[in-house]
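Step one of this worksheet: look at the structure below.
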Amino acid sequence: MGTIYLIRHGQASFEADDYDQLSALGFQQAIALGQHFAQRKLQPTHIFSGSLKRHQQTAEHCLQAMDQAAQWQELKGLNEYNHQEIIVRHTPRYADAQVMREEMQRQENPWRSFQKFYSQAMLRWMRDEHACDYQEPWAQFRERCLAALDQIYQATQPKQSTLVFSSGGAISAMCQQLLGLDDHHTLQLSWQLVNTGVCQLQCGQQRPRLSVLNEHSHLHQQQEITYR
């Protein structure tokens, strides 16, 4: 039976001008995961990564810590949804990111206020009645992620191990299919996926089965555990 490891990228640069790169902690998380895999003597047969910088930086540092060549097959189906478009379609004035930052900073709890706003923006995106407002509606995003998972599943033969570097939204969409979740619970799951957390799939004869969800024992300190 083959095994697929779905890996969420390390912490990205949330408040920087370029979100799509790892923070200093994100690099540490990727290295810690690679060391964890090395201790387990994991030898991947296949490696896939999305095309985003945070995916590939996570893959590079994880694989180096495993003493593996930093080589992978790029699979754009593993890329995350466009969070900036989701924000702006819900609140057009937030096309100026500085406006959003200033409004959130005026709240009593800026982080909680942003989380509430972003949840509402995500739910709007996931509703069929708003699908025409987005370049990639939720249903299309979900199908794209599942197509990527099927390609990875087909490549993973018995007794082989496959590493997959992706994002929380894409991994949640895959878990939705595997667990039979509705959209609301899929969104709730996505908020809980830890940076460099691992979901482990066992490849049966007909389809993959989820055996481990959001494993992150390689992060030993509470301050190492992040969700953005």
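Things to note:
- Counting Lys and Arg as +1 and Asp and Glu as -1 over every other residue whose Cβ lies under 10 Å from the Cβ of residue 198, the net charge comes to 0.
- Selection from 172, 126, 221, by position along the positive dipole direction of the stretch 106-228 (Cβ): 221
- Gaussian network model of the chain, springs between alpha carbon atoms under 10 Å - residue of 179, 210, 201 with greatest fluctuation: 179
- Mean residue ellipticity, 222 nm, helices only, the chain: the sum of -39500 (n - 2.57) across DSSP H runs of n ≥ 4, divided by residue count and rounded to 500, is -14500 deg cm²/dmol.
- Straight Cα distances below 20 angstrom link residue 116 to none of the lysines, with same-chain residues fewer than 8 positions distant left out.
- Fewest neighbouring Cβ atoms within 10 Å first, the residues 186, 91 line up as 91, 186.
- The ranking of 185, 61 by Cβ neighbour count inside 10 Å, starting from the fewest, reads 185, 61.
- Ranking of 174, 122 by neighbouring Cβ atoms within 10 Å, starting from the fewest: 122, 174.
- Ratio Rg/Rh [Cα only; Rh per Kirkwood] for the stretch 82-135: 1.00
- Relative packing of 125-138, 146-159, which averages over residues the other C-beta atoms within 10 Å, highest first: 146-159, 125-138
- Using alpha-carbon coordinates, inclination of helix 53-65 to the longest axis of the chain, degrees: 30 degrees
- Between helix 183-192 and the chain: long-axis angle, C-alpha atoms, 0 to 90°, nearest 10: 70 degrees
Readers should treat all values here as calculations from the given coordinates under stated rules, not as data from a laboratory. These numbers were taken from a predicted model, which means no experiment stands behind them. In this analysis, Cβ positions are derived from the backbone assuming ideal geometry, glycine residues included, and neighbour counts consider all displayed protein chains.
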